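Read the structure below first, then the notes.
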Amino acid sequence: MKKTINIGLAGYGTVGRGVVSILLSKNEELSRRAGAKLRLKRICDKSFADTTKGKTSPRQSPPQDKNIKGLLPAGRVYTPDIEDIFSDPEIDIFVELLGGYQPAKRLMLLALDKGMDVVTANKNVLAKDFNELLSAAAKNKRRIYFEASAGAGIPVIAAINEGLCANEIYALTGIVNGTTNYILSNMSEGKADFADSLKKAQKLGFAEADPTLDITGGDSASKLAILSSLIFKSHIKPSDIHVEGIEQVKPFDIELGRELGYTIKLVALMEKVKPEAGTALAKSGAAFQVAPVFIKSSHPLASVSGAFNAVYLKTDAAGDQMFYGPGAGSLPAASAVASDIVYSARHIMEKSSLHMPFFELKNKPPRIADAREVESCFYLRFTAEDKPGVLARIADVLADHGISVASVVQKDGFSHKAVPIVVLTHEARTGNLINAVNEIDKLKMVKSKTVYYRLLDI
Ligand code: HSE
């Protein structure tokens, strides 16, 4: 009977440091839960190379880190050479915390081939190549765990796979990017502008190495792809998701929305789409989008601020569920990785291959609905001349496209030539709304591009 589970960890960055700190400081309790001593046998990071005097070799002393001082394992644990993990037949679990796409993907596949379980926080690789990794794990009778890949410290993947396995999850609304939520929260509270908030998020370690992935919605899309794949048990790819970021969000609209009782959030959405009677779309499907939207300020998701994340699920048996917590940062992500390590170790000890977490992506994929099929109420902000007939003309075009107005507010002008007119609509097909806006933007009396956001009814 095995008494020790050996871990090889690659990537000593923000998350890696947290994992090492948790595995060392809570080793006794985690080992007890795992049913075997959890031993960090190798920790690999390029930064452990001694490149002084032109040579590349392992440093003689491990990194100085106040979180692990006094807890450092003995022996040659810290290495700059990934081969030290793969050439070691004792390693049971490969913990991939390199981030990015390659070499992380290649190393995970190699680890599975070598008979190791894999624990990863890598949303990029999973979102793109979920099937390939799961197939490689199945072929090698190993498992891959990825709780930290979406929502970091929030155990939402375990909830979808296990706690809610008796449910149909028919809608997901997630605030799954801490950086953009932090920026929008700061802008909403008038605390800081876009650029300053982004700098602060980078300093706090939330932002991606390339923060455009946060800002443009790409990071949220990867997380939505992972969560949706688990919900549908079929690989939903980033390319199935309609993605908009927060680059265009203006403080003016945030403020107007706030006055009207709404809070702006960048959300990741999965929603089932109703068939449209009498059309070629008379087939249900699901739409996947990442976009800034207005949420009623009284909804619990509206109060998820700063770098916090939340995932709101609508389920058939368990009703509405909201998972909330820190979605980024060293220890929250490490908490998820550590729990995956315990799961993996337990399964290795039990020699079980069919235990939960049990995920297969073998279902027939849903019909991927176009974002234009989605029905929603909308916030529209026109910028138009302030003269008789303007509002009537705009209302006419909206009516021509079957869009019903719920309320109208005209604000003071930006200049004497143009005034902002805010229209809230009743429910309309997104495609109809876009067509109407395109037509309205061509009117001579309309002075700049119309801004529109969904008013999300969750
Ligand atoms: N860049 C991500 C965020 C980190 O801001 O949420 C966690 O995945």
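The values are calculated or read from the model by the stated rules, or taken from the named source; none is laboratory data. A quick note: this is a predicted structure, and the numbers were derived from the prediction, not measured. Neighbour counts run over all protein chains shown; Cβ positions are idealised from the backbone, glycine included. The accessibility values were calculated without ligands, DNA or RNA, using every heavy atom of the protein model including side chains. Shrake-Rupley method; radii C 1.70, N 1.55, O 1.52, S 1.80 Å.
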Practice task
Please give the per residue accessible area of the range 374-456, computed with a probe of 1.4 Å over protein heavy atoms only, in Å².
Solution key: 48 Å²
Handout entry: Under-5 Å amide H pairs with Leu38, H placed in peptide plane, nonlocal only
Key = Ile5, Ser31
Exercise for the section: Can you send over the solvent-accessible area of Met445, 1.4 Å probe, protein chains only, in Å² to the nearest 10? Expected result: 40 Å²
Handout entry: Pair Arg76, Lys362: separation of 7 Å Cα→Cβ label points (nm)
Key = 4.4 nm
Practice task
For the range 403-409, take each phi angle, set θ = phi - 60°, evaluate the Karplus expression 6.51 cos²θ - 1.76 cosθ + 1.60, and give the result in whole Hz per residue in order, putting x for glycine and proline.
Solution key: 9, 9, 7, 9, 7, 9, 10
Exercise for the section: Quantify, in whole percent, the carbon and sulfur part of the accessible surface of the range 158-326 (1.4 Å probe; protein heavy atoms only). Expected result: 55 percent
Exercise for the section: Would you calculate, for the chain, the mean residue ellipticity at 222 nm contributed by helices, counting each DSSP H stretch of 4 or more residues as -39,500 (n - 2.57) and dividing by all residues, to the nearest 500? Expected result: -9500 deg cm²/dmol
Practice task
Could you compute the FRET efficiency for Lys203 and Lys387, with r as their C-beta to C-beta distance and R0 at 45 Å, rounded to 0.05?
Solution key: 0.40
Exercise for the section: Please work out how much accessible surface Ile169 shows to a 1.4 Å probe, ignoring ligands, DNA and RNA, in Å² rounded to 10. Expected result: 10 Å²
Practice task
Roll a 1.4 Å probe over the protein heavy atoms and report the accessible area of Leu71 in Å², nearest 10.
Solution key: 70 Å²
Completion exercise
Per-residue accessible area, 1.4 Å probe, largest first, puts Met322, Met187 in the order Met322, Met187
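Fully extended, how many nm does the chain gain between Ser303 and Asp370 (0.36 nm per residue separation, minus their Cα-Cα distance)? It would help to have the intermediate numbers written out before the result.
On the way: separation 67, 0.36 × 67 = 24.12 nm, distance 2.93 nm.
So the chain would gain 21.2 nm between Ser303 and Asp370.
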Practice task
Would you list the membrane-span-like helices of the chain, meaning whole DSSP H runs whose alpha-carbon atoms span at least 18 Å along their axis and whose mean Kyte-Doolittle value is at least 1.0?
Solution key: 218-232
Completion exercise
The correct ranking of Cys377, Cys165, Cys44 by accessible area at 1.4 Å, largest first, is Cys165, Cys377, Cys44
Exercise for the section: Calculate the spin-label point distance for Asp396 paired with Ala192, positioning each point 7 Å from the Cα along the beta-carbon direction, and give it in nanometres. Expected result: 4.9 nm
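So if R0 is 30 Å, what FRET efficiency would Ser239 and Lys274 give, r being the distance between their Cβ atoms, rounded to the nearest 0.05?
Numbers: r = 24 Å, r/R0 = 0.79.
Calculated value: 0.80.
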Practice task
With a point put 7 Å past each Cα toward its Cβ, work out how far Glu90 is from Asp65 in nm, to one decimal.
Solution key: 2.0 nm
